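Down below is the structure, laid out as structure tokens.
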Amino acid sequence: MTLPRVLIVDDEPDMVENCVRILKPAGYECLTATDARRGLVMLESERPDLLLSDLKMPGVDGMELLHRAHELDPALPVIMITAFATIESAVAAVKEGAFDYLPKNFSVDQLRVAVDRALRHRSLQRENRSLKDQLAQTYGLENIIGRSPAMSRIFELVRKAARSEANILVIGESGTGKELIARAIHANSPRVSQPFVPVDCASLPEQLLESELFGHEKGAFTGAIRTKQGLVESAHRGTLFLDEIGELPLSLQVKLLRALQERQIRRVGGTGLVDVDVRLVSATNRDLREATVKGQFREELYYRINVIAIQLPPLRDRAGDVKLLVQAFLKRYGQGRVRGVDDEAMAALERYRWPGNVRELQNVIERACALADTETICRRDLPDHVLGLGEVPLPVPPAGTNAALPESGTDLTLKDAKERWMAVLEASYLRDLLARNDGNISAAAKAAGIDRKTFHRLINKHDLR
């Protein structure tokens, strides 16, 4: 294990020896210099983890050494020591970037504690830098797979939008990667070092969602045994991601609009206001403009969240990207055993329309990797519906359904008639899928190529409970 390295610079040899005597037994490697110029050379050649320097030295003083040290390594912690301790010199040293300040009559414990604190601070800085790098690698745009012209336009828009503070609305069908885009926006924004807080607006009931978003005070309702900070507060100075914002109840839309306008929130059961600074990224698979016309979404909130709109293309409109995504999922699920896809299977994958988009393709490749007997996926490893076998026929409305089909001579518009037919088709498909999976929602959602949250929402939409 490498010991932390402390460079001690002081023109008094006795002081240098005293510091070494204290720090070396405590587990630090001590580098020493009794001349400031020598200290500068060692800063460059040795790259220590901490500089412990006298403030007053002939020739080059401690303040100049501090400046030069931070030119070489802005994150290097510096502790200044001096026999001429004054408030003015302490304030000046700290203002110039010193981590701490000690008078020369310091005790053994004072020195050890100061050095330990400084090195812990440096360790945390390195850890934060590492986490930032990991975040950029995980959620950077280079890790979102796609070379189609449609995705190239999205990448360019995300890069420009990320550097702003504007609220962003990500629009796209289920499974197109809206949350991945939201995380990429955060990872490429000035707020990257602050929290990214995702909230699923579709998965929580209204009463619980209000408390989750805005927090509550102790005693605000039965079971509120302590004050709780809401997710909006948790995202302070960072990014708040509201997934499926179109499912947000109207009452909470009003409260969210006020929070965005005033940059303040009021917890449930509270009277005081809490300042919040959040950058909002929202996502939806609904047409919110149409929802505002129908009174299902507040118009003022729509314009507030939709400063920059990013419309994600469905997978069927991303020419050439299916093959790239297949290769990426093979690396993830093939476990070194399954390495490729034969020409017939790849042709079927590229021909299929992918209503569940990237998420459905991911599920299909994971399934195929599990079933493949060889290192190459072939047609028999793909599900029938991807191959175009066993197509679902247009359903007849089940007995007792409220979704009556349009009859000839109806006065419905083409759009309304299509919506009516599609609602019946969707309900019949879901009912059949649940039956074939014995009511197991996770299994049915996986077979449909959508997530549990979306499946639950469709169940509620068609009253299939």
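Out of 232, 251, 297, whose Cα points farthest toward the positive end of the dipole of the range 202-307 (charges: +1 Lys, Arg; -1 Asp, Glu; placed on Cβ)?
Most positive-ward Cα: 232.
Helix 62-72 sits at what angle to the longest principal axis of the chain, using alpha carbons and giving 0 to 90 degrees rounded to 10?
30
Can you work out the FRET efficiency for the pair residue 332 and residue 237, with r the C-beta to C-beta distance and R0 = 35 Å, to the nearest 0.05?
The pair residue 332/residue 237 has a calculated efficiency of 0.55.
Give, in nm to one decimal, the length gained when the segment between residue 37 and residue 159 is fully stretched (0.36 nm per residue of separation minus the Cα-Cα distance).
Additional length available on full extension: 39.4 nm.
Can you grab the distance from the C-alpha centre of the range 320-338 to the C-alpha centre of the range 339-378, Å, no decimals?
If we compute the Cα centre of each part, the gap is 9 Å.
Mind checking which lysines have their C-alpha under 26 Å from residue 218, skipping anything on the same chain fewer than 8 residues away?
The qualifying lysines are 228, 255.
So how do 13-20, 161-168 stack up, highest first, on mean other-Cβ count within 10 Å?
161-168, 13-20
For the chain, give the magnitude of the charge dipole about the Cα centre (Cβ charges: +1 Lys/Arg, -1 Asp/Glu; no others), in debye to the nearest 20. Write down the numbers at each step before the final one.
Values: 64 positive and 65 negative charges, 153 e Å.
For the chain, the charge dipole is close to 740 debye.
Over the C-alpha atoms of the chain, what are the Rg and the largest Cα-to-Cα span, Dmax, in Å?
Cα only, the chain: 30.7, 104 Å (Rg, Dmax).
So for the range 264-318, averaging the separation of alpha carbon pairs under 8 Å that are six or more residues apart and normalising by length, what relative contact order in percent results?
In percent, rounded to a whole number, it is 20.
Less than 12 Å Cβ to Cβ from residue 427, Lys/Arg counted +1 and Asp/Glu -1: what total charge do the surrounding residues give?
So the environment of residue 427 carries a net charge of 0.
What number comes out for accessible area per residue over the chain if the probe is 1.4 Å? Units Å², please.
Averaged over the residues of the chain, the accessible area is 53 Å².
Calculate how steeply helix 452-461 sits against the longest principal axis of the alpha-carbon atoms of the chain, using the helix alpha-carbon long axis, and give the answer as 0 to 90 degrees to the nearest 10.
Computed tilt is about 40 degrees.
Mind pulling the angle between the C-alpha long axis of helix 149-162 and the longest principal axis of the chain? Nearest 10 degrees, somewhere in 0 to 90.
40
Report, ordered by chain and residue number, the lysines lying within cross-link reach of residue 160, taken as a straight Cα distance under 19 Å and ignoring same-chain residues fewer than 8 apart.
Cross-link targets: 178.
Considering amide H positions built from the backbone, and no H for Pro or chain starts, which residues 5 or more places from residue 32, or on another chain, come under 5 Å of its amide H?
The list, which skips near neighbours in sequence, is 8.
Beyond 25 Å between alpha-carbons counts as too far, so tell me which of 331/453; 418/461; 56/95 fall in that bin.
331/453
Express the relative contact order of the chain as a whole percentage, based on alpha carbon pairs under 8 Å and six or more residues apart in sequence.
It comes to 11 percent, rounded to a whole number.
The values are calculated or read from the model by the stated rules, or taken from the named source; none is laboratory data. Given the structure is predicted, the values throughout are model-derived calculations rather than measurements. Cβ atoms come from the backbone with ideal geometry, glycine included; neighbour counts cover every protein chain shown. Surface areas here come from the heavy atoms of the whole protein model, side chains and all, with no ligands, DNA or RNA. Shrake-Rupley method; radii C 1.70, N 1.55, O 1.52, S 1.80 Å.
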